[in-house]
Amino acid sequence: MTMKTVPFNVVIAGFGWWGSHIATRLKGSEDFQIRAIVEPFEGNHAKIADEGLTLVTDLDDALKLPDVDAVILTTPNPLHEEQIIACAAAGVHVFCEKPLGLTAASARRSVAACIEAGVQLGIGHERRFEPALVALKDAITSQSVGKIMHAEAAFSHDKLINVPQGDWRTTKAISPAAGMTAMGIHLTDLLISFFGPVETVQAMTSDRSLGWETGDVVTAQLGFKAGMTATLSAVLHTPHFIRMHVFGTDEWVEVINETHPDTPGGKVRYHKARTGSGVTTETFEWEDAVMHNLQAFRLAALGEAPYAFTNDELVHNIEVLEAIARSAEDRRTVHISEV
């Protein structure tokens, strides 16, 4: 006799673009039950009602609901620390959309609160769960690429170009270093998972078209403690482009995504080359990496499997974010030890 899955009861805090996107994903899952949506902005209330979801306007009230297992935060960046600490204090697991914080000190406080409360902290870096990038991580770990020399990473799109001036996404204080908190932070997370801790950062931003205070282009050079280097870029006003390219002494591997992780159907091309053998290509079908991540978080919260992210990695990625934001201000080299 097959046992029926007991749903994991979640509250989604925030019902903007990504919050509504998460809700759509979860409504089709037998493993999750949406207990409520936390949304103080009245302009989104009708949409929540249309979706047949329960509305709560305050996170504290949502945390008092019976049988809430976890909260998924899809709220503006500056709210994350306070809300994570509130969830931890209530003994509720919490999944935070990136970034975990805007400063390393903030990230450390959030992680410490979850450790002390014994709750699972999840993070919205779904790209670790993409099959092509899992294959690339395996190639790095098995050393089939040889000694790592360098990596190039890019994540760019134009999904946000119609955000109005003055929106929190356009400001340095809330979205530092142009596209870092929207896209670039996914790249640093991947690079940390591949190569370990970053030691030095050199970054710059520019404003080419949008007139945003934070800029619309960011590029950075990373030096890793293990010795390899990497470059990354994120452009906020250009057609979709996602690429990860790792160069080893024996082989290079390039992963190119045809679509954004939120867009079903796009294929992922996995190119690799060895000296004298030319370039070969493998094609991966799109998979729902967002749901893979949420499922991994659920299993970790239930104590059934370890989570793919360590607490040290969660904090370190914000150390790198803060270092990039600092470096971009005057284009100087920033050592992670300074953050």
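For the chain, what does -39500 (n - 2.57) per DSSP helix run (n ≥ 4), summed and divided by total residues, give at 222 nm, in deg cm²/dmol to the nearest 500? List each step's numbers first, then the result.
On the way: 9 runs with 101 residues, N = 339.
Here the helix-only value at 222 nm equals -9000 deg cm²/dmol.
Ranking Leu121, Met228, Thr310 by Cα position along the charge dipole of the chain, where only Lys, Arg, Asp and Glu carry charges on their C-beta atoms, puts Met228 farthest toward the positive end.
What is the antiparallel percent of DSSP beta bridges lying wholly in the range 201-339, to the nearest 5?
On the way: 34 of 34 bridges.
Taking every DSSP beta bridge within the range 201-339, about 100 percent pair in antiparallel fashion.
Rounded to whole numbers, the Karplus 3J(HN,Hα) couplings from phi for the range 51-67 are 7, x, 9, 7, 9, 10, 9, 9, 4, 4, 5, 5, 5, 8, 5, x, 6 Hz, using 6.51 cos²θ - 1.76 cosθ + 1.60 with θ = phi - 60°, and x at Gly and Pro. Each Lys or Arg adds one and each Asp or Glu subtracts one; over the other residues with Cβ under 13 Å from the Cβ of Pro76, this totals -3. Near Gly124, the amide H atoms lying under 5 Å from its own belong to Cys96, Glu97, Lys98; only residues 5 or more places off or on other chains count, and H is placed 1.01 Å from N. Extending 7 Å from the Cα toward the beta-carbon at both Glu116 and Asn162 defines two label points whose distance is 4.4 nm. Quick check: the distance between the Cα centres of the range 146-218 and the range 271-339, to the nearest angstrom? Answer, in whole Å: 13. Our note on the geometry: Cα centres of the range 24-72 and the range 74-106, 17 Å apart. Accessible surface calculations at 1.4 Å, restricted to protein heavy atoms, place the chain at 44 Å² per residue. With K and R counted +1 and D and E -1, the other residues having a Cβ less than 13 Å from that of Ala178 yield a net charge of -1.
Quick check: at a probe of 1.4 Å, how many percent of the accessible area of the chain sits on carbon and sulfur atoms? Show your work: numbers first, answer last.
Values: 7550 of 14750 Å².
About 51 percent, which is the carbon plus sulfur part of the accessible surface.
With Cα atoms as the point set, the radius of gyration and Dmax of the range 98-149 evaluate to 15.8, 42 Å.
Less than 12 Å Cβ to Cβ from Ala226, Lys/Arg counted +1 and Asp/Glu -1: what total charge do the surrounding residues give? Can you show the working numbers first?
Values: positive: Lys147, Lys225; negative: Glu199.
Local charge sum for Ala226: +1.
Max-minus-min Cα coordinates of the range 90-206 on each principal axis give 46, 41, 28 Å, with the largest extent listed first. Across q = 0.12, 0.26 Å⁻¹, the range 271-338 modelled as identical point scatterers on its alpha-carbon atoms has Debye log10 I(q)/I(0) values of -0.70, -1.04, in the order of the q list. Largest first, the extents of the alpha carbon coordinates of the range 204-339 on the three principal axes equal 47, 41, 35 Å.
The values are calculated or read from the model by the stated rules, or taken from the named source; none is laboratory data. Just so it is clear, the model here is predicted, and its values are computed rather than measured. Note that each Cβ is placed from the backbone with ideal geometry, even for glycine, and that neighbours are counted across all protein chains shown. Please note that ligands, DNA and RNA were not included when accessible areas were found on the heavy atoms of the full protein model with its side chains. Shrake-Rupley method; radii C 1.70, N 1.55, O 1.52, S 1.80 Å.
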